[in-house]
Amino acid sequence: MSACSNPKQSSAGKTNKSVVSISASKRKRNNIETYSLQHKNNMLVFAKVSDKKALVKIENDEWPDETVYAYNVLKDDAGKIMMIDASPVSESGDWDVSHTHYFDDNGNTFLFERKANAFSDCLINDSVAYQTVKKYYTTPFRLIKQQDILVNKDGKTLDKSKCTVDFAIEDAIVYPDVNTCLKAYGINIRGY
């Protein structure tokens, strides 16, 4: 074997499972996103309202006043949950955050993605900075890779030591599987 071997191959000639897993996870995530655009009727939407314990099911895009969190649950045609997105609601509109769990066919989390954007004083004219954090997992639930990308509105990479989107974004809890995620968020999908 030459010194210029395939980077996906280990010295024993076996495929590096982490690299393959990352590639497969990226493809699966993209497939789920495409599916969500093509099957909007398979998306269940709920709201956490400040004065209610149970979540409110959203119909016809009619959101209750005092909504503090939005939850999107995407099911495939067989009824399996593929994705759960949780987003706090900004009353001012100065920021946006989403925490998205992507699940494999067995309901295990294979990717967690946090997207955040906010006005940033490190940019000219207090422009918006966009941060995406992706955490890739294996089964059993083990982090194998994390990416943290910070860009401006034109997609130019920003220096994280000078510019951040840390305006009270807590580092979200990543749940290992769909059932744990549903329970933690208080989402009851029975009957939907």
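The values are calculated or read from the model by the stated rules, or taken from the named source; none is laboratory data. Because the structure is a prediction, the values reported are computed rather than measured. Note that we place each Cβ from the backbone using ideal geometry, even for glycine, and neighbour counts take in every protein chain shown.
Does the stretch 14-27 include one or more residues that are exposed (fewer than 15 other Cβ atoms within 10 Å of the Cβ), at pLDDT 90 or above, over 20 Å from the mean Cα position of the chain (by Cα) and farther than 21 Å from Asn179 by Cβ? For the stretch 14-27, residues exposed (fewer than 15 other Cβ atoms within 10 Å of the Cβ), at pLDDT 90 or above, over 20 Å from the mean Cα position of the chain (by Cα) and farther than 21 Å from Asn179 by Cβ: absent. Being surrounded by 10 or more Cβ atoms within 10 Å (Cβ to Cβ), touching a residue at least 40 places away in the same chain (Cβ under 8 Å) and touching a Gly at 6+ places or on another chain (Cβ under 7 Å) is a description that does not apply to Leu44. Filtered by the rule that a residue be closer than 30 Å to Gly93 by Cβ, in contact with a strand residue (DSSP E or B) (Cβ under 9 Å, 6 or more places away or on another chain) and at pLDDT below 95, the stretch 124-145 gives Asp126, Ser127, Val128, Ala129, Tyr130, Gln131, Thr132, Val133.
Out of the residues in the stretch 46-78 that are among the small types (Gly, Ala, Ser) and over 20 Å from the mean Cα position of the chain (by Cα), state the one that is farthest from Tyr35 (Cα to Cα). Among those residues, the one meeting the criterion is Ser50. Of all residues in the stretch 70-112, those being buried (at least 18 other Cβ atoms within 10 Å of the Cβ) and among the hydroxyl-bearing types (Ser, Thr, Tyr) number 4.
Every listed requirement among (1) within 15 Å of the chain's Cα centre (by Cα); (2) over 23 Å from Lys183 (Cβ atoms); (3) surrounded by fewer than 19 Cβ atoms within 10 Å (Cβ to Cβ); (4) modelled with pLDDT of 95 or more is met by Leu37 save one, (1). Being of a type in the set (A, V, I, L, M, F, W, C) and touching a Leu at 6+ places or on another chain (Cβ under 6 Å) is a property that Leu182 lacks. Evaluating Asp85 against the criteria (1) assigned to a loop (DSSP other than H, G, I, E, B); (2) free of Cβ contacts under 8 Å to residues at least 60 places away in the same chain; (3) closer than 25 Å to Thr180 by Cα; (4) not hydroxyl-bearing (Ser, Thr, Tyr) leaves one unmet condition, (1).
For the stretch 29-65, a tally of residues being part of a loop (DSSP other than H, G, I, E, B) and basic (Lys, Arg) returns 2.
Listed by first and then second residue, the pairs linking a residue in the stretch 47-70 that is at pLDDT 95 or above to a residue that is of a type in the set (Ser, Thr, Tyr) and not in a loop (DSSP other than H, G, I, E, B), with Cβ atoms under 6 Å apart and 6 or more places separating them unless they lie on different chains, are Ala47/Thr67; Lys48/Tyr69; Val49/Thr67; Ala70/Ser87.
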